[in-house]
Each structure stands twice: as structure tokens, then as C-alpha cells.
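See below for the structure under consideration.
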Amino acid sequence: MVVENKNEFRKRDLVYTGGLWLISLILPDPHLPYRREFIKKRDFFYLGTLLLLPLILSDPLVYLMVLAGIYAILALGLSLFLGYAGQISLGHAAFFGIGAYTTAILTTRYGVPTVGAFWASALVAAAFAYLIGKPILKLKGYFLALATLGFGEIFLVIVRESRSLTGGVSGIFGIPWFSVAGFTFDTYLKQYYLIWGVLIGLVLFAKNLVRSKMGRALLAVAASEDAASSVGINVAQVKVRVFVISAAFAGLAGSLFASVISTANPEGFSLGLSVLIVMMVIMGGMGNLYGPIFAAIFLTWLTDMLGGYQEYSLPIYGVILILLLIFFPDGVGTRLNARLIYLISYWGRKRRRERVDL
Amino acid sequence: MTSLLAIDKISKSYDGVRALNRISLRVRKGTIKGLIGPNGAGKTTLFHLITGVERPSSGTISFHGKDITSLEPHEIALLGVGRTFQTLQVLGNMTVVENILTGMHTRLKGGFLSSGLWLPWIHKGEKGALQEAKEVLEFLGLLGRWKWLAFQLSFGQQKMLELGRALAMKPKLLLLDEPAAGLTPAEVKRLAEKICRLRDQGITILIVEHHMGMIMDIADEVAVLHNGELIAEGPPDAVKNDPHVIEAYLQGRGVDA
């Protein structure tokens with residue numbers, strides 16, 4: 001029997017190498033380069049894809065991308081809080097809701113222009129986050145998770161019960177389209193560019209944040225609070241501020257959400273959404289900005305796919321979350337490059353091993 | 001010589017267990033003070049009290065004539081007290097150079113909003129900080145690995161990195177909690193050399209250590225704790241031959257210097 005040389009070069013290896021090269025061009029590389037360099041070539045690739053995507057997507061898919069963009073803003077904000085600073089929040093849907101209701105109330109009752117309501121939503125959500133964050137961010141781990149969960153539920157109860165302000169269970173209708181300087185975003189296509197434009201702005205903000213001293217402070221708080229305070233980082237203050245920023249992102253997302261679907265009712269801001277956002281961040285990877293955005297797109301698409309089987313969606317999310325935590329505790333996006341390269345080279349090695357054994 | 005750190009009659013008890021009993025200690029400016037003692041003597045407790053991690057039951061601590069007894073850890077760090085940890089607290093989710101940059105947190109300008117908008121002074125600060133961080137890494141001999149993630153370094157290198165993070169604060173007083181624990185003899189030698197160079201640069205150092213040889217070589221003064229009591233204080237040679245120390249430390253086996 002002829003034993004083949006394991007290290008023999010085969011044409012297939014060229015394909016692997018080419019494939020790896022292509023992958024490395026496209027995939028986000030969440031590690032240091034993004035924290036040191038502001039913009040990389042692949043960012044232009046993403047930007048181009050975003051701009052051209054509506055050309056090939058059908059209308060329902062464009063609408064899906066609009067929703068995905070809104071959830072991506074939420075996930076981006078939570079990524080700063082959960083992925084970078086390492087604090088858990090299961091009440092983020094509440095800030096999303098606060099943003100949506102602020103816009104709804106300001107535009108329908110007081111006739112405030114949508115742009116004004118947009119910024120006001122962020123401010124109101126941030127103000128609530130500050131008031132709530134001050135006391136509860138002293139908690140850690142499970143306790144913080146429970147406190148934020150409680151906040152989310154309290155928000156829902158208040159919204160349902162204060163009918164004069166929020167319209168109770170049925171909510172508020174007839175929220176106008178987002179419009180700026182006479183230009184109204186009244187089609188899905190226009191909304192697509194609006195929302196992803198806002199997202200790009202927020203990504204740039206977040207990127208700047210994480211490559212600055214504040215980004216390092218966030219990571220330091222996540223790694224070791226003792227070490228962080230030993231270099232003069234005010235841990236409590238950093239936590240509150242990142243919570244406020246994260247809530248402001250959620251408020252902006254909520255405002256956009258309200259103007260896109262033109263209603264605001266409590267069903268949209270339940271615990272299910274909070275868990276979904278947390279899942280986006282975990283799936284996208286801790287300490288990673290692009291991952292949560294990709295995860296937001298994927299999960300929004302998945303939710304849509306499950307549309308007909310709504311009753312199974314929670315168990316399916318549960319299973320996905322468990323699988324994620326077992327196999328990708330750092331998130332799928334973290335070191336995705338290295339993981340895929342390992343996987344592909346593993347296939348190559350396995351094939352070769354099998355051949356040798358025969 | 002003036003004392004930079006003054007500890008006055010400090011006591012600490014945990015649920016009735018007395019960890020420290022009316023300890024008074026002075027660290028003079030520009031010197032290396034060694035703090036030794038058997039396990040459980042209260043050395044780390046004293047460190048926690050100085051750095052504000054815990055509050056003393058009674059007594060006062062003052063730094064530069066300012067009472068720091070009831071300040072928070074980060075406020076004490078702001079005054080210029082840098083420290084390393086007995087159990088490594090390297091920030092493993094960041095690169096080596098970012099660990100050093102984290103140490104410069106208080107010396108850089110900018111908050112969340114100005115950082116997010118990347119205003120001109122942030123850019124300038126980051127640029128200068130990177131340069132300075134590389135100088136610190138060069139001093140520690142870690143410059144070749146500045147892009148590595150901190151957890152990828154060896155144990156000895158992580159200890160160095162932790163020292164570097166404290167140095168990046170440009171501290172007036174540096175507290176080292178067992179810097180030589182777990183290092184090879186060659187590494188200990190290099191570390192001792194670096195600590196002496198830091199003193200020559202004008203940094204006052206308080207060092208807790210089990211490694212007798214190193215302490216006796218580099219310390220200007222040594223204090224010995226035993227069961228929460230200060231049993232001896234003075235120049236290394238005097239302390240080494242103090243009968244109380246020999247009895248407490250090694251039950252008569254002698255201090256191996």
C-alpha cells in the first residue's frame with residue numbers, strides 16, 4: 001500500500017488559500033485594528049454594499065432591512081454597555097419604548113417636527129437612564145440583570161395603565177413620517193437610507209469612543225474593576241455614563257421605529273425584545289461593534305422567517321442562545337477570521353488524514 | 001527628609017478578628033520601603049487600606065500631608081498613588097499597549113462625548129500617549145510585543161505589564177504587592193534593577209515581598225509585620241539580625257538573605 005505524503009501540495013490547497021484570502025478581505029476583524037485605525041478598506045466595501053443593496057432587494061426585504069437597521073442601532077448601543085463595559089441590561093426595550101413614545105407624544109399631541117422629536121427621544125431616554133442607572137448600576141451580574149428586567153416590566157405596566165398619556169394597550173396611532181427640511185421619508189427605500197445613514201453616524205461615534213481613553217476605560221471596567229480604579233478610573237461614573245449613551249442610542253432607535261411603523265404600542269417593547277437585543281450582542285461578539293449589527297440583520301431575518309410559527313419563536317431563540325453560550329461564549333463574531341481559517345484548514349487536514357488512513 | 005506616606009495608629013478587624021493592630025509607618029520621599037512578614041501578617045490588608053479598597057477600623061493615613069483615609073480607590077489613584085496587585089489584574093481583553101494607555105487615563109483629556117466626536121485635542125492626546133506608552137514598554141522590555149493581547153504574555157511579562165500600567169500614571173508613590181512572586185531568579189534580578197532605577201527617577205516605592213533576597217538588596221528601610229503587629233523597622237541589616245524578626249519569621253531558622 002502506498003502511503004501518501006501528508007504535506008504534499010494539492011491543487012485544492014490553492015482554492016483554500018484563495019478562499020481564506022477572500023474571507024479575510026470581507027469579514028470584520030473585531031480586534032485591535034478597529035480600535036487603532038478608524039477606517040479600513042473593508043469599511044468601504046460594507047458602505048458600498050449598503051448603498052447598492054436596495055437595488056437587488058425586493059420591497060419586503062427592504063422593509064426588513066429597515067427594521068434590521070433599527071435593531072442594529074439598539075444592538076450597537078447595547079454593545080457598548082454589554083460588549084465593552086461588560087454590564088448586563090435586560091431592560092433595553094424600555095429605553096427603546098421611551099424613545100418611541102416620546103416621539104409619538106411630541107409629534108401627535110404637540111405637533112413638534114420629527115427632527116426635534118428625534119433628538120428629544122434620545123435626551124429623554126438618556127435622562128431616564130441616568131436616573132435609573134445611578135442607583136442600580138451599583139449592582140453586579142445577576143442582580144443587575146434582575147434590576148434592569150424589573151425596570152423593563154415597570155415601564156410596560158406604566159405604559160399600559162397611564163391611558164391618558166400613552167393610549168394604554170392600544171397605543172398611539174398616526175405618527176408622521178420622519179421629515180427633514182421638507183423632505184419626507186415616506187417610502188421604504190427612503191427610510192432604508194435614513195436609518196442606515198443614522199446607523200453609520202452612530203457607528204462612527206462608537207468607533208471613536210472605543211479607540212479613545214473612554215473605550216479603554218470601558219474594557220478595563222469589564223476586565224477588572226479593581227485594576228480600573230487603581231489607575232484612577234471612576235468605575236461607578238463610567239458605568240452610568242455608558243448606560244446613558246447606550247440608552248440614548250436606544251432612544252434614537254425608538255424614535256425611528258415609531259415614525260417607520262407610525263404607531264407605538266406596548267407589545268413592541270416587551271421582555272422578548274430586550275432578550276433579542278442581548279442575543280444580538282452575544283451573537284455578534286463581546287467588545288465588537290460590527291458583530292452585533294450583522295447579528296441584528298440575521299435575527300431580524302430569522303424572526304421574519306418564523307413569522308408563521310410565532311408560537312415556536314421563543315423556544316427557537318432559547319435553543320439558539322444556549323448553543324451560542326456553549327459553543328461561542330465570546331460571540332460568533334469574535335475572532336471570526338481566525339475561527340474560519342482554523343475550520344477550513346481543519347477540513348483540509350481531516351481529508352488528508354482520511355486518505356492516509358486508507 | 002519628609003515622609004510621603006504617613007500611617008498613624010491604624011487598626012483593622014474583620015468580625016472581631018484583628019488583622020492590624022495600631023500600626024504606624026512612615027515612607028520617606030524617594031526611598032524604597034520593604035514590608036515583609038509571614039503569611040497572614042496583614043501586609044495585604046495594609047495595602048488595601050492605603051489604596052482605599054477597604055476602610056480602617058481606626059487610625060488615619062495621609063499622603064503628602066492630605067488625609068486619604070476615607071477616599072475612594074480612584075480618588076487615591078488621582079493623587080498619584082500607583083499600585084500593582086498580588087493576584088494579576090492584567091486587562092486581558094486589551095492589547096499590551098492599551099494596558100499601558102489605560103494607565104494614562106487620568107492624564108488624558110476628554111469625556112464620552114468629546115471622545116465620540118474625536119475632537120482635535122483627543123486626537124493630539126492619543127498620539128502623544130501612544131508615543132509615551134511605547135517608551136514605558138521599552139523600559140520594561142515589552143516593546144516587541146506591544147500589539148499582543150495581554151493574556152497572551154507569559155506570567156512574568158504580565159507582571160511587568162502591570163508594573164507598566166502603574167508607571168504610566170506617573171505616580172509619586174508606587175505600591176508593589178509581591179512583584180517577584182512566581183518569577184524566575186533571572187527575572188527577579190531584572191525586576192530589582194528596574195525598581196532601583198525607578199527610585200533613582202524620584203518615585204517613592206512601598207513594596208510587599210516574600211522574596212527576602214531582593215528586599216534586603218534594594219530596600220532602604222524594612223518594616224516587619226507579624227500577626228498584625230509591627231515588630232521591627234529599620235535598615236535591612238539591622239532588621240535581618242533582630243531577634244524578634246528571626247523568631248517570628250522562621251521560628252529560629254534565620255532569615256536567608
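Hey, among A:262, A:270, A:246, A:224, which residue is within 14 Å of another protein chain (Cβ to nearest Cβ) and surrounded by fewer than 24 Cβ atoms within 10 Å (Cβ to Cβ)?
Just a single option satisfies the conditions, and that option is A:224.
Could you list, ordered by first residue, the pairs with Cβ atoms under 7 Å in which the first is in segment B:149-169 and more than 19 Å from residue B:184 (Cα to Cα) and within 12 Å of another protein chain (Cβ to nearest Cβ) and the second is polar (S, T, N, Q) and in a helix (DSSP H, G or I), at least 6 apart or interchain?
These pairs meet every condition: B:150/B:99; B:150/B:158; B:165/B:99; B:165/B:102; B:169/B:106.
Given (1) touching a Ser or Thr at 6+ places or on another chain (Cβ under 9 Å); (2) more than 8 Å from chain A (Cβ to nearest Cβ), where does residue B:79 come up short, assuming only one miss?
Here residue B:79 meets the rest and fails (1).
Can you go through A:90, A:78, A:50 and tell me which one is surrounded by fewer than 23 Cβ atoms within 10 Å (Cβ to Cβ), assigned to a helix (DSSP H, G or I) and either away from chain B (no Cβ under 14 Å) or acidic (Asp, Glu) (or both)?
A:50
May I ask you to say which residue of B:125, B:141, B:92 is away from chain A (no Cβ under 11 Å) and touching a helix residue (DSSP H, G or I) at 6+ places or on another chain (Cβ under 9 Å)?
Matching residue, one of B:125, B:141, B:92: B:141.
Working only within segment A:144-176, note down all residues that are crowded, with 17+ Cβ neighbours inside 10 Å, hydrophobic (A, V, I, L, M, F, W, C) and in contact (Cβ under 8 Å) with a residue 60 or more places away in the chain.
A:149, A:151, A:155, A:156, A:159, A:172, A:175 - these are the residues of segment A:144-176 that are crowded, with 17+ Cβ neighbours inside 10 Å, hydrophobic (A, V, I, L, M, F, W, C) and in contact (Cβ under 8 Å) with a residue 60 or more places away in the chain.
Scanning for something at pLDDT 90 or above, in a helix (DSSP H, G or I) and touching a strand residue (DSSP E or B) at 6+ places or on another chain (Cβ under 7 Å), does segment A:123-140 turn up at least one residue?
No, there is no match, as no residue in segment A:123-140 is at pLDDT 90 or above, in a helix (DSSP H, G or I) and touching a strand residue (DSSP E or B) at 6+ places or on another chain (Cβ under 7 Å).
Sort out which residues of segment B:192-249 are in a strand (DSSP E or B), within 16 Å of residue B:39 (Cβ to Cβ) and either touching a Pro at 6+ places or on another chain (Cβ under 7 Å) or among the hydrophobic types (A, V, I, L, M, F, W, C) (or both), and write them in order of number.
Result: B:208, B:224, B:225, B:226, B:231.
Residues checked against (1) part of a helix (DSSP H, G or I); (2) modelled with pLDDT of 80 or more; (3) out of contact with any helix residue (DSSP H, G or I) (no Cβ under 7 Å at 6 or more places or on another chain); (4) under 21 Å from residue B:92 (Cα atoms):
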residue	(1), (2), (3), (4)
A:258	yes, yes, no, no
A:278	yes, yes, no, no
A:297	yes, yes, no, no
A:306	yes, yes, no, no
A:333	no, no, no, yes
A:337	yes, no, no, yes
A:340	yes, no, no, no
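What number of residues in segment B:195-212 are more than 21 Å from residue B:3 (Cα to Cα) and surrounded by fewer than 16 Cβ atoms within 10 Å (Cβ to Cβ)?
Qualifying residue count, segment B:195-212: 1.
Residue A:205 passes all but one of (1) within 14 Å of chain B (Cβ to nearest Cβ); (2) over 30 Å from residue B:172 (Cβ atoms); (3) buried (at least 21 other Cβ atoms within 10 Å of the Cβ); which number fails?
(3)
Considering A:252, A:289, which residue is hydrophobic (A, V, I, L, M, F, W, C), more than 11 Å from every other protein chain (Cβ to nearest Cβ) and within 23 Å of residue A:128 (Cα to Cα)?
Within the list A:252, A:289, the selection yields A:252.
Being surrounded by fewer than 17 Cβ atoms within 10 Å (Cβ to Cβ) and over 19 Å from residue B:48 (Cβ atoms) is the requirement here; does residue B:147 meet it?
Answer is yes for this residue.
Inside segment B:95-110, can you point out the residues that are in contact with a strand residue (DSSP E or B) (Cβ under 7 Å, 6 or more places away or on another chain) and more than 7 Å from chain A (Cβ to nearest Cβ)?
none
Here are A:215, A:232: which of them is small (Gly, Ala, Ser), outside any helix (DSSP H, G or I) and within 14 Å of another protein chain (Cβ to nearest Cβ)?
Selected residue: A:232, the only one of A:215, A:232 that is small (Gly, Ala, Ser), outside any helix (DSSP H, G or I) and within 14 Å of another protein chain (Cβ to nearest Cβ).
Check residue A:168 against each of (1) on the phi > 0 side of the Ramachandran plot; (2) in a helix (DSSP H, G or I) and name the one condition it does not meet.
Unmet for residue A:168, out of (1) on the phi > 0 side of the Ramachandran plot; (2) in a helix (DSSP H, G or I): (2).
May I ask you to list the residues in segment B:151-191 that are within 18 Å of residue B:218 (Cα to Cα), part of a helix (DSSP H, G or I) and not small (Gly, Ala, Ser)?
B:160, B:163, B:185, B:187, B:188, B:189, B:190, B:191
Only one of B:46, B:25 is farther than 30 Å from residue A:83 by Cα, more than 14 Å from chain A (Cβ to nearest Cβ), of a type in the set (A, V, I, L, M, F, W, C) and in a helix (DSSP H, G or I); which?
B:46
Of all residues in segment B:128-163 being polar (S, T, N, Q) and more than 19 Å from the chain's Cα centre (by Cα), which is nearest to residue A:231 (Cα to Cα)?
Among those residues, the one meeting the criterion is B:131.
Of all residues in segment A:203-246, how many are farther than 25 Å from residue A:38 by Cβ and among the small types (Gly, Ala, Ser)?
Matching residues across segment A:203-246 total 6.
The values are calculated or read from the model by the stated rules, or taken from the named source; none is laboratory data. The model shown is predicted, which means the values in this text are computed figures rather than measured ones. A quick note on method: Cβ atoms are made from the backbone with ideal geometry, for glycine too, and the neighbour counts reach across all protein chains shown.
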